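Asks: One structure coming up, written as C-alpha cells, with questions to follow.
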Amino acid sequence: MSPSEKPRLGLPDLGVGVGLRRKHHEHILTNRPAVDWFEIISENYMVPGGRPMVTLDRVLGLDYRLIQHGVSLCIGGSEPLDRDYLRRLKELVRRTRTPWVSDHLCWTRAHGVDLHDLLPLPYTEEALRHVAGRARMVQDTLEVPLLLENVSSYLTYTASTMTEWEFLSGVVEEADCGLLLDVNNIYVSGYNHGFDGATYVDAIPAHRVVQIHLAGHTNYGKYIIDTHSDPVIEPVWELYRRACARLGPVSTLIEWDEDIPSFEALLAEADKARAIRDEVERARAA
Amino acid sequence: MPGPLEALQEMLGEAFRREAPVAEDPGLAARCAEHVKGNDRLTPAEQVDLYRRQFWMRHLGSLEEDYPGLRALLGAAAFEAFCRAYLQAHPPASFTLRDLGDDIVTFAEGHAGFPEGQEALCRELVRYEHAFIDVLDGAEPPPLDPARLAVMTEEDWGTARVVLHPLLRRFRLAYPVHEIRDAARAGSALPEVTLKAVCLLLFRRDLTMRWMEVDPLALTLLDALARGVPLLPACELCAAGLSEEETAQLGERVQGWFAHWASSGLIVNVAHIAPQDAVEALGGEVVPH
Ligand SMILES: [Fe+2]
C-alpha cells in the first residue's frame, strides 16, 4: 500500500483535541490538564511577539501537541498565492512542529480586498483544477501535508456542475492532499442547500480524511449560520458516528469560538466524541 | 480577460462590501441572480446578504475592539459611521484583522465627520489607540544587561548610544486621551476632557500595556536619545533655554529619569558608536562639551 492509500494518508490518529483559545490559556498553563492535543489558529500566532508567542512557547514547553489550522490561505482565490503569508506560515510550522496544516476549501480575497470570510467556490471543473494546482504548490512549499476542510456555506452557484462532495473529493484526489472533514459544516450546508449529510459522509475518499471537526451552530429557521457558539447537536453526533464507522479512528477536534464555555465543559464535549469513537471501534472489532 | 471564477469573485467581493442590502440595487440583485441559485426559503440576493452582513459585523467588531476610547467618545452610532467611511475608503487589504487599522490615522486626519470642536481630540485619540496594535505583539529584545551600565565611564556617556526599547512610543498630547481609553476599557464614565498638554510614554511590560506621564524635558531627552544622540550631548540639547538654576539641577534629574527608565525596561542597551555617527545623530551639529 503506498502512503497515499493508507488510512489517514499514513498520518497518526491523535485522539480528541480542543481548540487552544485565549480564554483558557491561564487555566491550561496553571493546571496542565490532560488533553490529547490542541488546535491553534495559525494566523493568531503569525505575529512577532507579545502574549500570543509567549503563550505558544509555554504550551509547547509543556509538551502539548499543537496542530495548525488556518483561515487565510485563500486556496480558491484568483490572485497569486501570497508568498509572504506562506513564508510566515512555514516559520510557524517549524516552531510548532505540527504534523500537518489545514485550511478551508474556499476563497477569502478578491481584487486586493480580504473579506476575512470562508466563501464557497462554484463546483466546476475550472475551479477544481485551479484549487488542486494551488494546493500542490502550498504542500510543496510548506513541506508538511495540507488538509482542506469543507466549509459551511450560505449560497450555491448556478455555474456548479457537480455536488459539493464530488468537488471536494476531486480536489483532494487531484492535489494528492488530505481532507479535514467538518461534520457540523456538512450538516449546516445540508440544511441550507437541501442535501443529505449521510450521502456526503459516504461519498468522500475515506483514506484521505486525516482530521474531523465538530462544532455547534445557530439555526435561524430559514438558514443555519456556523457560529461555533453552542454544543454539538444530536444529528451532528449521529453524522459523526457514521463517519467514525466509515473512516475508523481519526483525530477529532471540538471547535468552540463564540460564547466559549469553561474548560471543563469543553473537555466534556471532547469526552462525548471520544465515547462515540470508542463505541464504534468496539463494534468494529466485534 | 478574467476567467469566469475571477469575474465571479470580483462581482461577489463587491456585493459583500456594500452598505445597503443587495435587493435595494435592482441591477446588482439581477447580477446576483445570474450567478447565485437561491432556494425556496431565500432569494439569491438574500443569500448574498448573509455574507454582506457578516462582512460588516466582523470588521466593525474588530475596529470596536481596537479603538474602544474613540467609540466611547463618539458614541456607538457616530463611531460606526466613522468606521464604515474608513472601511469604504480603505477596504481590508491584509490577511489578518490585526492590520485593519493600518490607514486609520491618515484617514482620521482628513475625516470631516468628527463632532465640531472635537476634531483634534478625536484624531489624537485615534493616533494613541492605533499605537497599541504594534506594541501589543511586537518582538521583545533581550533586556538590558546591568553590567553594561556598571562599566560606563563619564567619557563613555559622551559618545555611547542609549538604545531605547523598540516598542516604546512617545507622545506629546494636547489632550489626556489615555484617560479616555482607560475609562472606556474599564466601562466607567468618560472624564471631562479639556485641553491639557501631556507628555506620555506608552510601552509593554510583562506582557501588559502601560503608560507613564513624563516631564516635557524628559521627553525631549528621550526624543534625542531615540535619534541616536549620546546621553551627554542630549542633556546639553535639553539644557538649551534653561535658567542657570535649572541647568544646575538637570544632572540630578536626568539621573533619576534614567534610573527609572532603565528599571522599567525602556532602555535595552548602551552601545558604543563611532564619534562621526554621534555627530550625524546630532544632525551634523557638534555640541560643545
Ligand atoms: Fe471547522
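What follows is calculated from the coordinates using simple rules that are stated; it is not laboratory data. The structure presented is a predicted model; accordingly, all values stated were derived computationally and were not measured. Glycine gets a Cβ as well: all are built from the backbone with ideal geometry, and neighbour counts include every protein chain shown.
Asks: Looking only at trypsin sites (Lys or Arg not before Pro) in DSSP loops with at most 16 other Cβ atoms within 10 Å, what is the longest site-free stretch of chain A?
Replies: A:98-221
Asks: In region B:4-100, which trypsin sites (Lys or Arg not before Pro) are in a loop and have at most 12 other Cβ atoms within 10 Å, using DSSP for the loop call?
Replies: Filter output for region B:4-100: B:Arg41.
Asks: If you don't mind, another one. Report, to one decimal in Å, the Kirkwood hydrodynamic radius for region B:147-220 based on all distinct Cα pairs.
Replies: Hydrodynamic radius (Kirkwood, Cα pairs) of region B:147-220 is 14.9 Å.
Asks: Karplus couplings for region B:88-96 from phi (6.51 cos²θ - 1.76 cosθ + 1.60, θ = phi - 60°), rounded to Hz, Gly and Pro as x?
Replies: 3J(HN,Hα) across region B:88-96, in whole Hz: 5, 6, 10, x, x, 10, 8, 5, 10.
Asks: Could you run the Karplus curve 6.51 cos²θ - 1.76 cosθ + 1.60 with θ = phi - 60° over region A:31-43 and give me ³J(HN,Hα) per residue in whole Hz, x for Gly and Pro?
Replies: The phi angles translate into 9, 6, x, 6, 9, 4, 6, 10, 9, 10, 7, 3, 4 Hz.
Asks: Using the Kirkwood radius over Cα pairs, work out the Stokes-Einstein diffusion coefficient for region B:1-65 at 4 °C and 1.567 mPa s, in µm²/s as a whole number.
Replies: It diffuses with D of about 104 µm²/s by this estimate.
Asks: Using θ = phi - 60° and the Karplus curve 6.51 cos²θ - 1.76 cosθ + 1.60, what whole-Hz ³J(HN,Hα) does each residue of region B:113-121 get, with Gly and Pro shown as x?
Replies: Per-residue couplings from phi come out as x, 6, x, 4, x, 10, 4, 5, 4 Hz.
Asks: Let me ask something else about it. Order these by the 10 Å Cβ neighbour count, fewest first: B:Tyr51, A:Tyr220.
Replies: A:Tyr220, B:Tyr51
Asks: Show the residues, 5+ positions off or on another chain, whose built amide H is closer than 5 Å to the amide H of A:Tyr157.
Replies: For A:Tyr157, the qualifying residues are A:Tyr123, B:Lys37.
Asks: Still on this model: With charges only on Cβ, +1 for K and R and -1 for D and E, what is the dipole size of chain A about its Cα centre, in debye, rounded to 20?
Replies: For this selection, approximately 760 debye.
Asks: A follow-up question, please. Determine which residues of region A:179-215 fall in the zone a paramagnetic label at A:Ala275 would reach in this model, i.e. backbone nitrogen under 19 Å from the point 7 Å along Cα→Cβ.
Replies: From region A:179-215, the list is A:214-215.
Asks: Sticking with this structure for a sec: Enumerate the amide H contacts of A:Gln211 below 5 Å, restricted to partners 5 or more residues apart or on another chain; note that Pro and chain-start residues carry no placed amide H.
Replies: Those lying under 5 Å, H to H, from A:Gln211 are A:Leu179, A:Leu181.
Asks: For B:Val214, what residues show an amide H to amide H distance below 5 Å, using hydrogens built from the backbone and excluding near sequence neighbours?
Replies: B:Cys199, B:Leu200, B:Leu201
Asks: Starting from the Cα of B:Asn39, step 7 Å along the direction of its Cβ; do the same at A:Asp230; then give the gap between the two resulting points in nm.
Replies: If labels sit at B:Asn39 and A:Asp230, their model points lie 1.6 nm apart.
Asks: With both bridge residues required to lie in the protein assembly as shown, what share of the DSSP beta bridges run antiparallel, to the nearest 5%?
Replies: 45
Asks: Under the definition of partner shielding as Cβ atoms of other protein chains within 10 Å of a residue Cβ, what is the mean value for peptide A:221-228?
Replies: Mean partner shielding for this stretch: 2.
Asks: Over all directions, what mean area does the Cα convex hull of region B:67-137 project, stated in square nanometres?
Replies: The Cα convex hull of region B:67-137, projected and averaged over all directions, gives 4.6 nm².
Asks: Taking loop as defined by DSSP and a crowding limit of 10 other beta carbons within 10 Å, which trypsin sites (Lys or Arg not before Pro) in region B:181-228 fit?
Replies: B:Lys196
Asks: Taking the beta-carbon count within 10 Å as an exposure proxy, list A:Thr141, B:Thr194 from fewest neighbours to most.
Replies: Lowest count first: B:Thr194, A:Thr141.
Asks: Please report, in whole Å³, the volume per residue of the convex hull around the C-alpha atoms of region B:22-125.
Replies: It is 130 Å³ per residue.
Asks: How would region A:1-82 be classified by its alpha-carbon gyration tensor: rounded, prolate or oblate, with rounded meaning a/c under 1.5 and the a/b versus b/c comparison settling the rest?
Replies: In terms of gyration-tensor shape, oblate.
Asks: Across peptide A:104-111, how many C-beta atoms of other chains are within 10 Å of each residue C-beta, on average?
Replies: The per-residue average across the peptide is 4.
Asks: Under a straight-distance cross-link criterion of Cα-Cα below 30 Å, which lysines are reachable from B:Lys37, leaving out those fewer than 8 residues away in the same chain?
Replies: Correct list for B:Lys37: A:Lys222.
Asks: Would you list A:Asp103, B:Asp137 from fewest to most Cβ contacts within 10 Å?
Replies: The fewest-first ordering by Cβ neighbours comes to B:Asp137, A:Asp103.
Asks: Sort out the exposed loop GluC sites (Glu not before Pro) in chain B (DSSP loop, at most 16 other Cβ within 10 Å) and tell me the longest stretch that has none.
Replies: B:20-115
Asks: Which angle between 0 and 90 degrees, to the nearest 10, do you get for helix B:244-263 versus the longest principal axis of chain B when only C-alpha atoms count?
Replies: Compared with the principal axis, the helix lies near 60 degrees.
Asks: Related question: With Rg and the Kirkwood Rh both taken from Cα atoms, where does Rg over Rh land for chain B?
Replies: Ratio value, two decimals: 1.13.
Asks: Shape call for chain A from the C-alpha gyration tensor, a ≥ b ≥ c root eigenvalues: rounded (a/c under 1.5), prolate (a/b greater than b/c) or oblate?
Replies: rounded
Asks: Could you work out the mean count of beta carbons from other protein chains within 10 Å of each residue's beta carbon in B:199-208?
Replies: For peptide B:199-208, the averaged partner shielding equals 1.
Asks: What translational D, rounded to a whole number of µm²/s, comes out for the protein assembly as shown from Stokes-Einstein when the hydrodynamic radius is the Kirkwood one over Cα pairs, at 10 °C and 1.306 mPa s?
Replies: So the translational diffusion coefficient is about 59 µm²/s.
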